[in-house]
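The values are calculated or read from the model by the stated rules, or taken from the named source; none is laboratory data. Nothing here was measured: the structure is a model prediction, and the numbers come from that model. Cβ atoms come from the backbone with ideal geometry, glycine included; neighbour counts cover every protein chain shown. Side chains included, ligands, DNA and RNA excluded: accessible areas come from the protein's heavy atoms. Shrake-Rupley method; radii C 1.70, N 1.55, O 1.52, S 1.80 Å.
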Amino acid sequence: MAMPVATPALALARFVPASHDRIAPAVALVALAALALLPWSSDGGPSALALAVARSSSKWPAFDGAVALAPLLVAATTTVVGTWLGRDRLTAGAAALGLVWAFAGAFGAGTDGPAFGIGAALGLAALVTCLARALARLGAFAGDAVIATIVVVVSVLLAIFIFFPVGKSLLAAGFDAHGRFAPGIMAERLFAADIWGIGCFGGGTHCGVAINSAMLAIIVGTVSTLIGLILALVVQRGGQRYAGLLKLMSVLPIITPPFVIALALVVLFGRTGLITGWLDAIFSIPRSRWIYGLPGVTLAQLLTFSPIAFMLLHGALNAVSPALEEAAQTLRASRARVFRTVTWPLLRPALANAFLLGFVESLADFGNPIVLAGNYEVLSTKIFFAIAGAQHDPGRAAVLAVVLLGLTMIAFWLQQRWVGRSSYVTVSGKGDGGSPAKLPRTLWVGCFTVAASWIAFTLVCYAVILTGGFVKDIGRGDMTLTLGHFAAGFGAEWGAHGVLFSGSAWDSLFNTVKVAAVSAPLTAVIGLLAAYVIMRHRFAGRRAFEFLTLVSFAIPGTVIGVSYIVAFNVPPLELTGGIAILVLCFVFRNMPVGVRAGVAALSQIDKTLDEASATLRASTLRTLTRVVMPLLRPAILVTLVFSFTHAMTAVSAVIFLATAKYNLATVYIINRVEAGEYPLAIAYSSVLIVLMLGVLLAVQKVVGEAQLGRRAAGALATGH
Amino acid sequence: MDKTTGGVVFERVSKRYNDVTAVDDVSFTVAPGELVTLLGPSGCGKTTTLRMVAGLEPVSGGRILIGGRDVTLRAANERDVSMVFQSYALFPHMNVLENVCYGPLSMRMEKTKARELAHAKLTMLGLAGLDQRLPSELSGGQQQRVAVARSLVLEPAVLLFDEPLSNLDAKLRRRVRQEIRELQQSLRLTVIYVTHDQEEALAVSDQIIVMESGRIAQHGTPHELYEAPASRFLADFIGDANLVEGELEPGPEGMRFTAHGVSAPVRVNGLVPGPATLALRPHRLRLTPPGKGIVPAECRRAAYLGSRIEYVVSTAWGDLLIFDAGGKTLHARGAALGVDFDADAAVILPRRD
């Protein structure tokens, strides 16, 4: 059986597509057509071809249209030829050069140049696709054109809509008032006393805003972890009776806009609040504004975030299977020893995780502080006021964003370092039998009391919001029943042309639903495709790609909002003021949810199904559409619901981006609060909550409740 | 293309994962219409080898030819092979017919034609009438046959089986492996079959390739492998074997094997005198009355299994396992006996150390 054939050792373990790429020439033609026929810039007008031929110089002060665009047109033509002849190196080189030239020209022209329009977007997107396919044929991405397209397109999108804006806004911290780069100013701004001052510890009145934020975050992280642990203990050791609580807690964070708790607290504890009034009347405790400031924000954030800590710790407690504790007991360990040697080590990573999550959530929170913080300045609102306030100082906003991002990144880094590696919790889905050990009597009574009062408090807050809209002014104690607020917000009447939505809130509500409905499927598609590539294919750069898709999770919404304003206000990417930027913002902020849901679902699906499909001659695309996607249906629905509800309730990023013309529900409500119109804000909030709940219940009905409750909560609990 | 001319040529193929070499410079040929089994303990590289034939793993070096065509750089969906997976990998959201039609439809065959082909294969495998069932509604054996039908429907140049019986119970396993063998012979299919079960391998194969740590340990027919194992590992791995360490010495009537003062004539081809291992199959050993035979023995254990009696006897060569198929009497424990064997039953393995 000797085989005297010299066999060259392959340098790379890879496959190369055999047949001619039939799709690439069509894509390349699309690129060329878009450049030749469609308007190049966003304000319409001539195509790239026309601009180049006319040597138009109106938009390029330094050079003319021929210089800016002719090389791109040549590159696109070469790409068409390259794909046609199957010359992959030629294709890749031409497409890459064309892209580099287009972007260099666009950014080189500066803020007076043309903004990318439909022709530019379509043409460049098609060139990116050609580049990806050619790279695959040259051996990258395991030689798979579909994988290459997904990875390259998603990476380019992330680069444009996450890394470019965030990078640009962070750099803005280093520019002085005249737009010159000045590292000295950056350092000066970065270490200014109003950011890092610690006067409040030494008897002074104020601390720096970063210290304020960090203090608040540490308090919220610690206490919400503690409350979460108590609730989890009660639910887990209390048996089936408390299962309803679990469900409630898993749903609340999803359907609640982030300022709702703060609104309820104002209604209850504000100067003219309900409880304040009773205390005044019964105990003669004088009315005060104590709720505005650190106590109020802390309380609001605790109420808002403790369900997340609860869900996380409940999962961890469940994973500490009774069998382990029983095993330890049978090995003659005392109860204290069991706790110290088994329960505590198993729980510790989850506790650290819950703390860090509470910490990060508190830092990123915008809705509660904007209502309640008063004079207690925190980073997220301070950033907002630096942009939106009278001072309009993007440089200052950028500095604060650097600080906020830095704090968040440190927390995530710690999470990866401590928790990521030492997590023993495995979710096997199998019950191990056995019942958890009973808590000692006094501990149980203590836990139960705390849990019950906490739940009662939460319910009161929600009751205030859900009923507050039906009385004249709950914030001032005027409890006359009225539908006036709903009429003002959501009035509708029969006009000459059908229903006339005369209420003032309709515009923002319709806009919100529209934006949420458009962004949800995009989020799901991009997120799940990325998850599929990450889970099912091995290629160089896979880990880096995974990191890129998840990193936007760690960026606070406020930072994203500022970045979008800074980056997309000027050509060549001029998007602000439209509805597109809202959609893009949601898609790229929520994408990690889709990635996580997809990764979780795909790890449950046997990989040999994909392989079977491949050996049955199915193309990657066919495998994707016929085998993977149908099996991912639950994950798709979870992602759709989550990104829809999240888009409906988000505030922090979009408050920078919403405009009078394209307003959003949450922004509208915040504006009402700022104007002191609490009843309308409360009425609108209750509408949002009921709407979210309706969507959630409808979907649960479709999917089966078990999957949704658990997965959505899981996605939430791992960061947001 | 004529499916019966080509077979598979595996030419100096290696597979490395970073520092680990899973398959090391492996070459073999599978002739058309032949069933070749890759046999070995887990981690020996047999499944990796199969997956490289399928195109599910790219090779790190070497060439793979299927039907005479170099497919080394072709992905799985561009190779003329089909695979029956250990888990069957039936698509859970498609019914039986949709599963079997999946391949033809992937190749853009017309729907009616695809259905026709699928029906033919389903009927052939005794699955007629189960078209509309979902995989979860079938028994394990039925699922396995659907998986076979789904692979056969493409009439591939090579059919690959990855431990296809491991999810079946012991009784069914024997029947299904017979069915697979009959199917392969009647359709003259070229098959590569992976298993870790040596009995299964002996039962179905034309040729067996035994692999050990990423290399081929021996390649031959079941008979060759059983009767003439090339190494200690092979003698021990396939079937039961009594292994005795000793010396090979020239005698007046040819070579003799001596260990612990007892010597026996052996038939040897091309081995030089020196240290050697003697391998004796239990069914080739005979029990004799005391004083006769080659090695004196004492009965230690006897187990009556119906078709045969299994003895363990202690001798100067250590404990020997003996299968006595014709025995009428059951020797008592402690009984004095002798052990005899023919010269051609003794296989001499060169000692590696």
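The listed peptides B:43-53, B:232-242, ordered by packing as a protection proxy, come out as B:43-53, B:232-242 (highest mean of other Cβ atoms within 10 Å first).
With a Förster radius of 35 Å applied to the C-beta separation of A:A452 and A:C200, the computed FRET efficiency comes to 0.50. Quick check for you: which residues of segment B:54-77 have the amide N under 20 Å from the point 7 Å beyond the Cα of B:D25 toward its beta carbon? The answer is B:59-65, whose backbone nitrogens lie closer than 20 Å to the label point.
What is segment B:8-232's relative contact order, in percent, from Cα pairs under 8 angstrom and six or more apart in sequence?
Working: 422 pairs, mean separation 66.6, N = 225.
Answer for segment B:8-232 is 30 percent.
Over segment A:483-720, with the other protein chains present, what is the accessible area per residue in square angstrom, probe 1.4 angstrom? It would help to have the intermediate numbers written out before the result.
Values: 8540 Å² over 238 residues.
Normalised by residue count, the accessible surface of segment A:483-720 is 36 Å².
Given a cut-off of 21 Å, name the pairs among A:K514/A:K661; B:K15/B:K46; A:K472/A:K514; A:K247/A:K701; A:K382/A:K661; A:K168/A:K382 whose C-alpha atoms lie farther apart than that in the structure shown. The pairs that break the limit, which is 21 Å between Cα atoms, are A:K472/A:K514; A:K382/A:K661.
Label zone (A:W418, point 7 Å along Cα-to-C-beta; backbone nitrogen cut-off 15 Å) within segment A:216-257: A:217-226. Each Lys or Arg adds one and each Asp or Glu subtracts one; over the other residues with Cβ under 11 Å from the Cβ of B:N95, this totals -2. Only protein atoms count toward the accessible area here, which uses a 1.4 Å probe; on chain B, the carbon and sulfur part of that area reaches 48 percent. Taking the C-alpha atoms only, the angle from helix A:294-319 to the longest principal axis of chain A is near 70 degrees.
In the frame of its principal axes, segment B:240-350 has Cα extents of 41, 24, 20 Å, reported largest first. Listed by chain and number, the aspartates and glutamates whose C-alpha is less than 14 Å from the C-alpha of B:K111, apart from same-chain residues fewer than 8 away, are B:E98. Note on A:D280 and A:R337: their simple-model spin labels are 6.1 nm apart, each label 7 Å out from Cα toward Cβ.
The protection proxy used here, the mean number of other Cβ atoms lying within 10 Å of each residue, ranks peptides A:454-466, A:652-664 as follows, highest first: A:652-664, A:454-466. Based on protein heavy atoms only, segment B:8-232 ends up with 39 Å² per residue of surface accessible to a 1.4 Å probe. Full extension of the chain between B:E227 and B:L305 yields a length gain of 25.7 nm, computed as 0.36 nm times the residue separation minus the alpha carbon distance.
Note on the protein assembly as shown: along the principal axes its Cα atoms extend 118, 85, 64 Å, ordered by decreasing extent. Using C-alpha pairs under 8 Å with a sequence gap of at least 6, the mean separation divided by the residue count of chain A gives a relative contact order of 16 percent. Each label was represented as a point 7 Å from its Cα along the Cα-to-Cβ direction; for A:R22 and B:D342 these points are 6.3 nm apart.
Between amide H atoms placed 1.01 Å from N, distances below 5 Å from B:E212 occur with B:A217, all of them 5 or more places distant or on a separate chain.
Using Stokes-Einstein with the Kirkwood hydrodynamic radius over Cα pairs, what translational diffusion coefficient do you get for segment A:483-720 at 10 °C and a viscosity of 1.306 mPa s, in µm²/s rounded to a whole number? Please report the intermediate quantities before stating the final value.
Values: Rh = 19.5 Å.
Using the Kirkwood radius from Cα pairs, D works out to 81 µm²/s.
Using a cut-off of 11 Å between beta-carbons, work out the net charge of the residues near B:L127 (Lys and Arg +1, Asp and Glu -1, B:L127 not included). After counting each charged neighbour, the total is +3. Within chain A, the cysteines lacking any other cysteine Cβ closer than 4.7 Å to their own Cβ are A:C130, A:C447, A:C461, A:C585.
Counting only protein heavy atoms and a 1.4 Å probe, tell me what percentage of segment A:483-720's accessible area is made up of carbon and sulfur.
On the way: 5450 of 8540 Å².
Accessible surface attributable to carbon and sulfur in segment A:483-720 totals 64 percent.
Amide H contacts for B:V339 (H built 1.01 Å from N in the peptide plane; partners 5 or more residues away or on another chain; cut-off under 5 Å): B:T288, B:I294, B:V295, B:A297. Taking amide H as placed 1.01 Å from N in the peptide plane, the amide H of B:R300 sits under 5 Å from that of B:V312, B:V313, B:S314, B:G334, each at least 5 places away or on another chain. The three principal axes of the C-alpha atoms in segment B:8-232 carry coordinate ranges of 50, 39, 30 Å, sorted with the longest axis first.
Treating the angle as unsigned and between 0 and 90°, give the value, to the nearest 10°, between the Cα long axis of helix B:111-124 and the longest Cα principal axis of chain B. Taking the Cα atoms of chain B, the angle to B:111-124 is about 30 degrees.
A simple spin-label model places the labels of B:L243 and B:V272 2.4 nm from each other, with each point 7 Å out along Cα-to-Cβ. Can you tell me the 0 to 90 degree angle between the C-alpha axis of helix A:379-388 and the longest principal axis of chain A, rounded to 10? Relative to chain A, helix A:379-388 is tipped by roughly 60 degrees. Using R0 = 41 Å, the C-beta based FRET efficiency linking A:L459 and A:E674 works out to 0.90. If the chain linking A:A327 and A:L29 were pulled fully straight, counting 0.36 nm for each residue of separation and taking away their Cα-Cα distance, it would gain 100.5 nm. Fully extending the segment from A:K607 to A:T625 would add 5.0 nm, taking 0.36 nm per residue of separation and subtracting the current Cα-Cα distance. Let me know the whole percent of all Cα-Cα pairs from segment B:11-140 that are separated by more than 18 Å. Tail of the P(r) past 18 Å holds 64 percent of the pairs.
Once the Cβ-Cβ distance of A:D393 and A:A187 is raised to the sixth power relative to R0 = 22 Å, the FRET efficiency obtained is 0.80.
At a probe of 1.4 Å, how much accessible area disappears from chains B and A on forming the pair, both sides counted, to the nearest 100 Å²?
On the way: alone 17300 and 32450 Å², together 46390 Å².
Interface area, both chains combined: 3400 Å², rounded to the nearest 100.
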